[in-house]
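The values are calculated or read from the model by the stated rules, or taken from the named source; none is laboratory data. Everything numeric here is computed off the predicted structure, so don't read it as measured data. With ideal geometry, Cβ positions are generated from the backbone for all residues, glycine too; neighbour counts draw on all protein chains shown.
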Amino acid sequence: MAMLPERRIYVVNPMPEQMRADQRAALLDLDTGTVGHHLEAGFMDGGMIPRIPGSRIVGTAVTVRITVPDSVMAHYALKFTRPGDVLLIDRGQDQRTCNWGGATIHAAAATGLEGVIVDGAVNDMEDAREAGLPIWARSISPVTTKYRGMGGEMNVPISCGGVAVAPGDAILADDNGVVVIPRDQLDEAIEGSLKWLAAERAFMERFRADPGLCYPDVTGATEIVEAALRAQSA
């Protein structure tokens, strides 16, 4: 039987400052698709799937990295998580062993945690539905980690869903995916996304009022393509 690596190094950094109430309220008016019209970076890859369809969360990133088959740091983080936080767990390349499920789900929900995003495996989705705890994860696995005390890190920069995440970043997640917005870019991202949302709503009102409108004429697609065709034939 292969020996498990000896690793008992723990890093625990202070909890990040949470986003302002006005920032949170603004993000609650947005979805990831709308933000995706304004931003191009920060979007997790399509493997990060909402395990409870219809879930939607906004919160401040609290990060954990556990690259060994161990549960301790995931549990320890719940000593500090607050309402308004989103816990993100970097499992390295481990997609087989799961350190999030069952009792941990109920304990996390009791802290008021907004949700959990795991770049790795989770299980016990019936508990997540019962507790009302939204979870995004790359895979489901019945193989659980053990309580070995092999080490882990909390509130350090991590990689999750192919995106760099720092403690304190803003998280918006829904059925369309997960976006990570750095703290120092949040106000600009909100402003730009809300402008796009307002323009989109105005367009939809116009389109509903006159269903006969030619969609590509209104969006500008007609002008772009036909101008290019004229230039090509000149």
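When we screen ALA103, ALA121, ALA109, ALA137 for residues that are assigned to a helix (DSSP H, G or I), in the same structural domain as CYS160 (by TED's automatic domain parsing), modelled with pLDDT of 95 or more and small (Gly, Ala, Ser), the only hit is ALA109.
Do you know which residues across the range 56-86 are in a loop (DSSP other than H, G, I, E, B) and in contact (Cβ under 8 Å) with a residue 12 or more places away in the chain? Correct list: ARG56, ILE66, THR67, VAL68, PRO69, SER71, LEU78, PHE80, THR81, ARG82, PRO83, GLY84. Counting residues in the range 141-161 that are charged (D, E, K, R) and under 12 Å from the mean Cα position of the chain (by Cα) gives zero. Go through (1) out of contact with any strand residue (DSSP E or B) (no Cβ under 7 Å at 6 or more places or on another chain); (2) modelled with pLDDT under 95; (3) under 24 Å from ALA164 (Cβ atoms); (4) surrounded by 13 or more Cβ atoms within 10 Å (Cβ to Cβ) for ARG7 and report which single condition fails. Of everything listed in (1) out of contact with any strand residue (DSSP E or B) (no Cβ under 7 Å at 6 or more places or on another chain); (2) modelled with pLDDT under 95; (3) under 24 Å from ALA164 (Cβ atoms); (4) surrounded by 13 or more Cβ atoms within 10 Å (Cβ to Cβ), ARG7 misses just condition (1). Looking across the range 157-171, just one residue is more than 23 Å from VAL12 (Cβ to Cβ) and surrounded by fewer than 19 Cβ atoms within 10 Å (Cβ to Cβ), and that is GLY162. Just one residue in the set MET154, MET150 is under 24 Å from MET19 (Cβ atoms), in contact (Cβ under 8 Å) with a residue 40 or more places away in the chain and crowded, with 20+ Cβ neighbours inside 10 Å; that residue is MET154. Against the numbered list (1) aliphatic (A, V, I, L, M); (2) outside the structural domain of PRO16 (by TED's automatic domain parsing); (3) in contact with a strand residue (DSSP E or B) (Cβ under 9 Å, 6 or more places away or on another chain), ALA173 comes up short only at (2).
Here the condition is being under 15 Å from ILE181 (Cβ atoms), touching a strand residue (DSSP E or B) at 6+ places or on another chain (Cβ under 8 Å), assigned by TED's automatic domain parsing to the domain that holds GLY132 and not in a helix (DSSP H, G or I); of GLN18, GLN95, it holds for GLN18 alone. Exactly one residue among ARG65, ARG129, ARG138 is under 17 Å from ALA166 (Cα atoms) and not hydroxyl-bearing (Ser, Thr, Tyr), and that residue is ARG65. Of the residues in the range 39-47, not one is under 24 Å from ILE190 (Cβ atoms), without any contact (Cβ under 8 Å) to a residue 40 or more places away in the chain and part of a helix (DSSP H, G or I).
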